[in-house]
Amino acid sequence: MKLGNSFSGTLRTFAYFMSSGSHYMLKGIDYLSLYGKEPSAIEQAYAIFANVLELHESGQVLNATYAQKRATDYLRSYCDPSFKVQSVEPTAGCAFCYNLDSLAGSGSRSPLGHTALHDSARNQRGVQTES
């Protein structure tokens, strides 16, 4: 099976913003120097990105933004040990975790408030969240 345009476009976009130093999820983090000094950190970020990606049976990438968030959070924590990665498990109905609009051609949505949405859902189920 050949990977389709959705996957290659998603990977190409992630690679561009990572290698240009302009990934919006890494704003304020000096990670470009890792490319020459500590390439295994960059390799790990790409491995996380690739392992988190999910494809629809049609080949459409379902969770590009969530995969980027997981990968960039790793890199941010690598560069800034005080940064704590928030564990947010993907939720099937979440438009951030799964680009639900992508199958209709609308793309992904902003991550703003994403963790709060999941915290709210956990609170409704009576699960404690970290402060």
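In the range 56-86, the residue that is nearest to Asp30 (Cα to Cα) out of those that are hydrophobic (A, V, I, L, M, F, W, C) and over 14 Å from the mean Cα position of the chain (by Cα) is Cys79.
Summed over the range 14-24, residues that are under 18 Å from Val61 (Cα atoms) and in contact (Cβ under 8 Å) with a residue 40 or more places away in the chain total 1. Any residue in the range 45-52 that is at pLDDT below 95 and more than 16 Å from the chain's Cα centre (by Cα)? No, the range 45-52 contains no residue that is at pLDDT below 95 and more than 16 Å from the chain's Cα centre (by Cα). A search for C-beta distances below 9 Å between a residue of the range 61-72 that is within 22 Å of Lys84 (Cβ to Cβ) and any residue that is of a type in the set (Lys, Arg) and in a loop (DSSP other than H, G, I, E, B), counting only pairs 6+ apart in sequence or on different chains, returns Thr65/Arg109. When Ala64, Ala104 are checked against the criterion of being among the aliphatic types (A, V, I, L, M) and at pLDDT 90 or above, Ala64 stands alone in meeting it. Here Arg12 fulfils each of the conditions (1) buried (at least 19 other Cβ atoms within 10 Å of the Cβ); (2) at pLDDT 95 or above; (3) of a type in the set (Lys, Arg) apart from (1).
The values are calculated or read from the model by the stated rules, or taken from the named source; none is laboratory data. This one's a predicted model, so the numbers in the text were calculated from it and none came from an experiment. No Cβ is skipped: glycine too gets one built from the backbone with ideal geometry, and neighbour counts run over all protein chains shown.
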